[in-house]
Amino acid sequence: MDLSTAQRVLQEFLIKQEGSTLRAWIHKLDPDHEHRVTEMYFLRYMREHMFAYDVGELYQALDLDGGGELTLEEIDPRADQLFDRFRSWCCENFPGGLDDCLTRMARQGDVKVEAVKINLFHFEADLVANGWKHGSEEELFYAISADQKHVVANDMRWLNLDMRRFKRKLKAKEQAMHETKIRAIKRGAKDPRENLADFKRFLRQKHGGSLLRAWRQSLVEGDSMMLHKGQFFKACVNLKWRTDVKGLWELLDTDSSGTIGIEELDFKAAEELALFRQFVMQKFGNATRTFAALDLDGNKNVSDVEFMQALKEFGYEQRDKHLFHALDRHGKKKINLEDILFLDSWKPMEFLLASPNPEAAQLFKLRLREKFGTFLRAWKMLLDQDGSNTCTWEEFRHTCKKIGFRQDIAGAWRALDQKMQGTISLSDIDPNSSTVLLDFRTWAMEEFGSVRSMFAVFDEDGSKSLSLKEFKRACRIYGFRGFLKGLFNILDGTGSGQLSVEEIVFLDRWATQTEADIDRASESMSHLPSIKADSTPEDLAALGPGMSVAKSLEAGSWKDGDLHPAFRTWANCRRRRPVKKQDGSLPPLASQLDFGDARVVRRPVLLMAYVPEEVACELQSARLPKIRRQAREAGGWRTAR
């Protein structure tokens with residue numbers, strides 16, 4: 001008998017016996033509100049009520065995890081969801097518990113709770129009046145009411161117990177949020193990963209969209225491809241970037257070596273540059289001869305057109321203008337010999353030149369399982385010892401050495417690092433376990449504020465450990481659904497049958513949103529061209545009115561720091577930065593301000609969001625335009641000086 005058949009057969013039987021599955025659960029199967037029914041109790045009930053089929057086979061089909069007990073979710077998922085929503089709604093809407101609930105429903109402040117009787121009509125009306133939006137009021141009434149005529153105090157005695165648990169959860173969440181707030185104040189208000197994405201966006205905007213150019217021009221000294229901690233701090237001072245510089249460095253220096261390579265700032269650009277270097281070194285031997293080959297007209301300068309033509313003649317297939325921008329150190333739209341001399345001394349990391357080797361990656365994973373039994377145990381003990389859910393190249397090489405893996409290490413790494421981030425996470429090793437753990441972590445953070453505070457609430461007896469039965473019971477009580485035995489086994493890396501806080505608190509250090517996810521949004525604007533001072537008012541006038549913003553950006557460029565004329569109205573004195581959407585990305589500029597509203601023209605603000613091509617704006621001078629006298633008189637305001 002499969003699960004769906006077992007559920008259908010049992011639901012039909014319970015409806016016939018008790019009127020509904022939910023009523024049978026509340027009054028017969030789980031009268032003590034333990035959120036479970038044991039195997040012995042379930043079998044006895046079914047036999048007493050003359051169940052016609054093999055009750056043992058039915059139970060085995062329902063008890064998928066072999067835990068020796070059943071939940072309402074395993075019997076009737078729809079009824080479980082309805083009752084769970086109702087219990088949560090009662091806790092949120094009646095903070096005084098059972099007395100508060102029945103008194104408000106009875107609408108008689110002086111009546112004793114024991115004397116309150118609520119019929120179906122008033123029950124339905126009171127639920128709707130108090131904000132219940134999930135329907136099924138009649139089903140709930142007949143499931144909760146013992147005599148099916150009135151709801152009385154004894155029918156809802158579970159509410160006080162739920163309320164105590166609810167308050168305990170809220171207290172733990174408040175404490176966790178307070179601790180999180182203190183940590184945020186110490187490191188700065190912004191999340192470090194969001195700050196890193198902002199820093200990269202800042203570098204792109206300042207250096208024509210190229211992080212490699214930013215690296216060579218503003219971060220390192222002497223065109224080195226290694227950046228030391230002291231140099232980074234000094235560069236941030238020169239760039240006038242002051243937001244949590246220490247936190248930025250800690251995120252970039254993932255192996256805590258005190259230095260970072262270009263691949264840790266921009267992996268894709270580093271790979272592209274490494275492949276180009278390998279090609280030209282094999283073909284020409286050094287940077288000097290490479291430049292001589294690139295300089296087709298012999299004028300000591302190579303334009304982007306000349307560069308692409310030369311690569312085509314060389315037979316280099318991975319031609320991309322991003323590579324030219326990376327080599328064009330000073331953004332002059334041409335490169336000279338000095339711009340590429342660094343290729344002679346740079347030694348790219350070996351994985352930048354490796355091809356993904358899925359077979360080697362599979363052998364590596366098999367070796368891990370042989371040594372540690374589970375991927376999570378291997379992950380925590382070797383690959384990710386700091387619990388950040390991030391493994392660097394050096395940590396990976398160290399792990400390979402420890403487990404005796406000597407195959408294509410770089411190829412295995414590239415096969416695992418499919419997102420080309422320069423690091424791997426548990427999801428790259430064991431995606432199933434990673435998904436389960438992330439779902440559990442997300443739920444714990446939302447409900448309790450942290451995994452640590454969740455454990456404190458789960459550990460009702462103060463033993464500082466949780467058995468499988470305790471863990472499953474607590475998850476059911478507080479509303480986490482899923483294959484709980486499998487989750488417990490994933491967390492219980494030692495196989496002891498007990499969970500300690502140390503075994504699960506590592507989830508608090510996992511990031512909900514990876515830096516790559518945040519940075520991916522920032523890259524959506526990285527294609528915008530640089531802003532330079534070679535356009536004149538005459539150039540703008542030639543473009544004509546109504547030119548789309550996207551085309552105007554391609555047609556002209558402005559001095560670094562000046563306001564693009566199409567964005568002159570983005571100057572609201574109350575808005576120093578644009579409003580962000582919930583996912584952290586920036587909405588289109590046109591949705592934030594009305595280009596035709598002269599009253600918002602107060603102060604120039606640099607371009608910070610992409611505007612769709614269909615938005616048309618009349619272009620004027622590169623400086624903030626003068627406002628016509630009529631507009632000033634009509635609006636009753638002055639231009640800020």
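The values are calculated or read from the model by the stated rules, or taken from the named source; none is laboratory data. This one's a predicted model, so the numbers in the text were calculated from it and none came from an experiment. Please note: Cβ atoms are built from the backbone with ideal geometry, for glycine as well, and neighbour counts cover all protein chains shown.
Assorted remarks:
- Residue match in region 273-288 (condition: within 16 Å of TRP215 (Cα to Cα) and either surrounded by 15 or more Cβ atoms within 10 Å (Cβ to Cβ) or of a type in the set (Lys, Arg) (or both)): yes
- Per-region count, region 243-261, residues in a helix (DSSP H, G or I) and not aromatic (Phe, Trp, Tyr): 7
- Single unsatisfied condition, PHE42 versus (1) under 18 Å from LEU159 (Cα atoms); (2) modelled with pLDDT of 85 or more: (1)
- Every residue from region 234-248 that is more than 16 Å from LEU211 (Cβ to Cβ) and without any contact (Cβ under 8 Å) to a residue 60 or more places away in the chain: LYS234, VAL237, ASN238, LYS240, ARG242, THR243, ASP244, VAL245, LYS246
- Residue count for region 322-335 under the criterion of being surrounded by fewer than 21 Cβ atoms within 10 Å (Cβ to Cβ) and either in contact with a Lys or Arg (Cβ under 6 Å, 6 or more places away or on another chain) or aromatic (Phe, Trp, Tyr) (or both): the result is 0.
- Number of the exception - MET454 against (1) within 21 Å of the chain's Cα centre (by Cα); (2) on the phi > 0 side of the Ramachandran plot: (2)
- Checked against (1) in contact (Cβ under 8 Å) with a residue 60 or more places away in the chain; (2) more than 20 Å from PHE480 (Cβ to Cβ); (3) crowded, with 18+ Cβ neighbours inside 10 Å, LYS419 meets all criteria but (3).
- Residue selected from region 462-482 under the condition touching a helix residue (DSSP H, G or I) at 6+ places or on another chain (Cβ under 8 Å) and in a loop (DSSP other than H, G, I, E, B), by the criterion surrounded by the most Cβ atoms within 10 Å (Cβ to Cβ): PHE480
- The criterion of at least 1 residues that are under 17 Å from the mean Cα position of the chain (by Cα) is met, among helices (runs of 4 or more DSSP H) falling completely within region 381-451, by 426-429, 431-448.
- Test for PHE307: is it closer than 25 Å to ALA412 by Cβ and either assigned by TED's automatic domain parsing to the domain that holds GLU271 or within 28 Å of the chain's Cα centre (by Cα) (or both): no
- Filter result for PHE458 (outside the structural domain of VAL37 (by TED's automatic domain parsing), modelled with pLDDT of 85 or more, under 21 Å from GLU174 (Cα atoms) and buried (at least 18 other Cβ atoms within 10 Å of the Cβ)): yes
- Which listed residue, of ARG168, ARG183, is at pLDDT below 85 and under 30 Å from TRP25 (Cβ atoms): ARG168
- Failed item in (1) hydrophobic (A, V, I, L, M, F, W, C); (2) within 22 Å of GLY331 (Cβ to Cβ); (3) modelled with pLDDT under 90; (4) not assigned by TED's automatic domain parsing to the domain that holds LEU323, with LEU227 passing the rest: (3)
- Qualifying residues in region 290-346 (those that are basic (Lys, Arg) and outside any helix (DSSP H, G or I)) - the one modelled with the lowest pLDDT: ARG319
- The set of residues in region 50-86 being touching a strand residue (DSSP E or B) at 6+ places or on another chain (Cβ under 9 Å) and surrounded by fewer than 16 Cβ atoms within 10 Å (Cβ to Cβ) consists of GLY68 alone.
- Residue match in region 147-163 (condition: among the basic types (Lys, Arg) and within 24 Å of LEU14 (Cβ to Cβ)): yes
- Scan of region 1-33 for residues that are hydroxyl-bearing (Ser, Thr, Tyr), closer than 16 Å to ASP80 by Cα and in contact (Cβ under 8 Å) with a residue 12 or more places away in the chain, ordered by number: SER20, THR21
- Tabulated pairs, region 96-122, first among the acidic types (Asp, Glu), second modelled with pLDDT under 75 and part of a helix (DSSP H, G or I), C-beta under 9 angstrom, 6+ apart or interchain: ASP99/VAL113
- Pick from region 212-248, criterion closer than 15 Å to LEU265 by Cβ and of a type in the set (Val, Ile, Thr), ranking: surrounded by the most Cβ atoms within 10 Å (Cβ to Cβ): VAL220
- Taken together, the residues in region 485-501 that are in contact with a Phe, Trp or Tyr (Cβ under 7 Å, 6 or more places away or on another chain) and in a helix (DSSP H, G or I) amount to 3.
- The residue pairs whose first member lies in region 34-46 and is hydroxyl-bearing (Ser, Thr, Tyr), whose second member is at pLDDT below 90, and whose beta carbons are closer than 6 Å, counting only pairs six or more residues apart or on different chains, are THR38/GLU69.
- Any hit, region 193-200, residues being among the small types (Gly, Ala, Ser), in contact with a Ser or Thr (Cβ under 8 Å, 6 or more places away or on another chain) and modelled with pLDDT of 85 or more: yes
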